[in-house]
Amino acid sequence: MTSGRVVSLEDLTPADWKNWKQLVEQAHLNPSLDPDWLQITARSHGVLEKAKVLLAGKETEPSTYVPFIVTQDRELGFPVKTLRLISNYVSYHNAMITQETESRCLGRLLSLAKVYGCHRIQLSNIPSDTALAKGVAVLNRNNQALVYTISGENCPYLLLESSWKELLASKAKKFRYKVRKRAEALQSSDSLTMRWFTEPGDWNSLLSAMEKIEANSWKQKAGISLFAREHEREYHEQLLPFLGKEGALYANVLYLRDQPIAYNLCCFWNGWMGQLKTSFDLNHGDLSPGATVIDSAIEKAIELGAYEFDFLGEADRHKLLWTKSVRTHIDYYLYPASSIAGTSLAKIKLLRRKIGSWLSK
């Protein structure tokens, strides 16, 4: 079923690279699955040297690209070998990069796991309403693999089917009032200014502004600032110039005089506007800086003709004020039937979950 070739990610030919990019575009996959973006993910997370790609289909024009690594882990105290998609590390609506049916592509994954002696396959943050999610369910029903699931992110998204004025008109009176007041405060203030960062050369000053904002944000206090984690800093240092080069960088920063107090980092790609990161300075919370940059980002998305503003991340309250539409995601662990050790671990985990459910009733 593998019937393809496995090469290092760094050894892909320019033709393969181009074909991969075309597959992502034609299938309308999330841009985080673009090969350049995935290479940034692998490099910043320290797995580039181990990163491999299964190319399947025609030799000259593969119809499937599976970027993966094999890791040694532990589960329930036992050593476990795991086949992981590289897109698991940064998964904005993760998916398989393929023109084949999902069942055939999953069959290739099972064969690949057998070749590398893996006990399990990890697929993170898969949208629950996709063909891939349905294909995993079929594997389970057909006893090709035992499947263990964990709930992933619930990402709010706003469909942009009208003008900015019409969108606001559809919201509650109190909500409209707050948006209008924030806009008026920005327009009438001599000290508040909004700056947009869209050019390739903007990334350094943008990153500097983001760092200053996060130093006084709730993320810093919670220990999850992207600047507190080296791999996240490296990821954004490489991602921002790439987005700028691709014409996909749309970030706005709110300044109080010369001090940045809020930012919203977005990617605009083939009509999709994704909010990758946002934060604000807690010292200026009375100015509603976080809400102000989000208002402006949504208005910009409509101006650009985006079909959707994707908030990404979890379903936080401030996102749900804009929309009730949410994409649910699932993390899948597949334990191939060919691995006795793997399926044994899966059975123990599933049994423990069942017992835990009984005890909680």
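Observations on the model:
- In segment 204-220, of all residues being touching a residue at least 60 places away in the same chain (Cβ under 8 Å) and crowded, with 21+ Cβ neighbours inside 10 Å, the one that is nearest to L240 (Cα to Cα) corresponds to M210.
- Meeting the requirement of 3 or more residues that are of a type in the set (A, V, I, L, M, F, W, C), the strands (runs of 3 or more DSSP E) wholly within segment 1-115 are 52-57, 62-75, 78-85.
- Scanning segment 147-184 for residues that are farther than 30 Å from Q122 by Cβ and of a type in the set (D, E, K, R) returns E161, K165, E166, K171, K173, K174, R176, K178, R180, K181, R182, E184.
- Residue satisfying all of: in segment 129-153; at pLDDT 95 or above and touching a Lys or Arg at 6+ places or on another chain (Cβ under 8 Å); surrounded by the most Cβ atoms within 10 Å (Cβ to Cβ) among these: L146
- Selection within segment 134-188 - of a type in the set (V, I, T) and touching an Asp or Glu at 6+ places or on another chain (Cβ under 8 Å): T149, I150, V179
- Enumeration of residues in segment 221-232 that are in a helix (DSSP H, G or I) and surrounded by fewer than 17 Cβ atoms within 10 Å (Cβ to Cβ): K221, A222, E230, H231
- The set of residues in segment 66-87 being in contact with a strand residue (DSSP E or B) (Cβ under 9 Å, 6 or more places away or on another chain), more than 18 Å from N125 (Cα to Cα) and either not acidic (D, E) or not assigned by TED's automatic domain parsing to the domain that holds D36 (or both) consists of V70, T71, Q72, R74, P79, V80, K81.
- Number of the condition not met by Y255 [criteria: (1) within 19 Å of S296 (Cα to Cα); (2) modelled with pLDDT under 95; (3) not β-branched (V, I, T)]: (2)
The values are calculated or read from the model by the stated rules, or taken from the named source; none is laboratory data. Worth saying up front: this structure is predicted, and the values here are computed from it rather than measured. Positions of Cβ are generated from backbone atoms using ideal geometry, with glycine treated the same way; all protein chains shown enter the neighbour counts.
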